[in-house]
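Below is one structure, written out as C-alpha cells, with a few remarks after it.
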Amino acid sequence: MNPSDLHIFLDGLELNCPPFPPTPENRGERLLASSKPFLSSPSERGIRTAGHLLSSPEALATHFGLDGLEEGLNAALTRTSVLPAPAPSPYTPAPFRLGDLPFFSLPGLPLTSYLTSGIVAVATPEHGLNLSYHRMQYVDEKHLVMRVVHRHLHQLLATAGGRLDAAVLLGASPAIALAAAFPRPEPGGELLLAEAITPGAGVCTQVLGSTVPVQAEMVLQGFFTGALATEGPFIDLTGTRDFERMEPLFQVTSIHCRPDPVVPMILPSGPEHALLMGLPRAVSIFAAVAPLVTDLRAVALPPGGCGWLHGVIACEPSAPPEEIASAAFRAHPSMKRLTLVNTDIDPHDAQAVEWAVATRCQPDRGVRILSRRPGSSLDPSGEDGLTAKWIIDATIPAGRNPTDFRKLL
C-alpha cells in the first residue's frame, strides 16, 4: 500500500517523538508543552497522535513545491481540475472503539474531550463532496456533538431536515486539510481545489457505499441524528472562552482506517489554528491587491493577530495606501489592522515588520483610522458588530532615497 500524503509530509518535518499520551489530560498537556511538531509512538490500540503539524507556511510551501504559498494557492484556485478515477480503498475496519481515539482536554481550562482536526464530508447534488472543519466533543461510544456554524454544512443539514449521512476524515493530507479550510461559493468543490494543489489528492474510494477521499488516515462513518446536544465550552481563535450551545448530534456507525493511523490534534488559538483560519483569507487578500501593486511578495495574517484580525502585505505600491487597504478589507472584512511594508520585509516575521514600522512610518502621515466599520464576531473588543480599522503605511516614503532605509545588519 502506498503511504498517505500526510506521511510524506511528516517525513519532511523535524519531529519530536514522545510516547503516546494515555489520557485526554496528558494529550492536552503535550499540546501545551511546545509549539514544535510532534508525532507520538503508537497507543496500545495502534493509534498515533500528532500536533502542530500545519503551523509553518514554509513547510507547506516546500511540500507543495511552491516558491510563495499565497501566490501558489491563488493560482490553484483559478486552475481547472478534474477529479481522478476512483481507486481501491486503503481502509480496513478499525480494531478499536470511538473512545480509543485521541480526544484531548486542557487541564484547568474550559475544554474537555475534543477532536479538533476532523473534516466532515457530505455528498452534494451538484458539486461532489462538501468538506468542512468542525470541532467534535465526545458524548459516548456512539456519539459526537459538533459545532456547526451557519455555513454550508448547516445549509445541507437544514435542507435534509437535520438527519444527514456523513463521514468524518481524520489525518487528511495537507492538500485536503487546506482545501477544507477555504470558503467556497456554494457547498462542495473542495476536492477539486485539493487536486489543483496536489495532483492525486482528489482521488476517492468507496467505504460501505459511501464516497470518501483516499488521502486520510481514518474515516468515521455515520449520520447526524436530527437531535441536538450540549457542546462546549471551548476556546476561540482569540484564546478567549467560547460558551456552551445546543449543536447537532452525530452517531458513529463504523470506523475504518489505514494501518498505524495518525490522528492530529489542533490546539485552539495555536499557530496551526491561526494558519488554517487565516491562510485562505490571506490568499483572498493577495488576489484583491495584486492589481494595485507593482510587486507583491506575500500576505500574512500573523499569529499575534490571531491569524484573523491583523494583516501584513509586503508589496511595492502603485496605488495609494487607502486604495490598497480598501481592497484588502473587502477581501477580508473581519480584519481590523493592515500594515503595508516593502518587499524587502518578510511579512511573516513579526520582528521585521515591527522594524519597518519603527523606521519607515511617521504616525501623523502613515497611520489612518476608519471608525465604525463592520468587524469580526471573534473580536471581544467590538461592539454591535462594529469596530475601528487602522492602516499603517510602513513602506519607504515616496520621494526619499531607498538606500537610507535599507537594513544592513
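Selection over the stretch 234-259 of residues that are surrounded by 16 or more Cβ atoms within 10 Å (Cβ to Cβ) and either free of Cβ contacts under 8 Å to residues at least 60 places away in the same chain or not polar (S, T, N, Q) (or both) gives a count of 14. For first residues located in the stretch 192-214 and at positive phi, partners that are assigned to a loop (DSSP other than H, G, I, E, B) and of a type outside the set (S, T, N, Q) and lie 6+ apart or on another chain with Cβ distances below 7 Å form the pairs Gly200/Pro84.
Scanning the stretch 168-185 for residues that are more than 30 Å from Ile8 (Cβ to Cβ) and either in the same structural domain as Val122 (by TED's automatic domain parsing) or in contact (Cβ under 8 Å) with a residue 60 or more places away in the chain (or both) turns up at least one hit. Here Leu193 meets the list (1) part of a loop (DSSP other than H, G, I, E, B); (2) under 30 Å from Ser56 (Cβ atoms); (3) of a type outside the set (S, T, N, Q) almost entirely, failing just condition (1). Regarding the stretch 184-193, can at least one residue be identified that is buried (at least 23 other Cβ atoms within 10 Å of the Cβ), over 25 Å from Asp242 (Cβ atoms) and under 15 Å from the mean Cα position of the chain (by Cα)? Checked against the condition, which is being buried (at least 23 other Cβ atoms within 10 Å of the Cβ), over 25 Å from Asp242 (Cβ atoms) and under 15 Å from the mean Cα position of the chain (by Cα), the stretch 184-193 yields at least one hit. Please state which one of Gly307, Gly311 is at pLDDT below 95, crowded, with 18+ Cβ neighbours inside 10 Å and in contact with a Leu (Cβ under 6 Å, 6 or more places away or on another chain). Just one listed residue meets the conditions, Gly307.
The rows are residues; the columns are (1) among the hydrophobic types (A, V, I, L, M, F, W, C); (2) closer than 19 Å to Glu190 by Cα; (3) modelled with pLDDT of 90 or more; (4) not in a loop (DSSP other than H, G, I, E, B).
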position: Ala50; (1), (2), (3), (4): yes, no, yes, yes
position: Ser55; (1), (2), (3), (4): no, no, yes, no
position: Ala59; (1), (2), (3), (4): yes, no, yes, yes
position: Asp67; (1), (2), (3), (4): no, no, no, no
position: Val82; (1), (2), (3), (4): yes, yes, no, no
position: Gly108; (1), (2), (3), (4): no, no, yes, no
position: Pro125; (1), (2), (3), (4): no, yes, no, no
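Looking only at residues in the stretch 306-327 that are touching a strand residue (DSSP E or B) at 6+ places or on another chain (Cβ under 7 Å) and of a type in the set (Gly, Ala, Ser), the one that is farthest from His273 (Cα to Cα) is Ser318.
Under the condition of being surrounded by fewer than 16 Cβ atoms within 10 Å (Cβ to Cβ) and touching a helix residue (DSSP H, G or I) at 6+ places or on another chain (Cβ under 9 Å), which residue from the stretch 78-112 is farthest from Met277 (Cα to Cα)? Across the stretch 78-112, the extreme among qualifying residues is Pro84.
Scanning the stretch 351-409 for residues being touching a Phe, Trp or Tyr at 6+ places or on another chain (Cβ under 7 Å) and in a helix (DSSP H, G or I) gives a total of 2. Here Glu71 does not fit the description of being at pLDDT below 95, of a type in the set (D, E, K, R) and either assigned to a loop (DSSP other than H, G, I, E, B) or crowded, with 20+ Cβ neighbours inside 10 Å (or both).
Confirm whether Ile197 is closer than 22 Å to Gly51 by Cβ, of a type in the set (Val, Ile, Thr) and not assigned by TED's automatic domain parsing to the domain that holds Arg281. Judged against the criteria, Ile197 is not a match. Selection of the stretch 1-44 for residues being closer than 18 Å to Pro102 by Cα, surrounded by 14 or more Cβ atoms within 10 Å (Cβ to Cβ) and charged (D, E, K, R) yields Glu25, Arg27, Glu29, Arg30.
Within the stretch 246-266, take every residue that is of a type in the set (A, V, I, L, M) and in contact with a His (Cβ under 9 Å, 6 or more places away or on another chain) and give me the one that is nearest to Met218 (Cα to Cα).
Filtering the stretch 246-266 for residues that are of a type in the set (A, V, I, L, M) and in contact with a His (Cβ under 9 Å, 6 or more places away or on another chain), the one nearest to Met218 (Cα to Cα) comes out as Val262.
The values are calculated or read from the model by the stated rules, or taken from the named source; none is laboratory data. As the structure is a computational prediction, the values presented were derived from the model and not from experiment. Cβ coordinates were reconstructed from backbone atoms using ideal geometry, including for glycine residues, and neighbour counts include every protein chain displayed.
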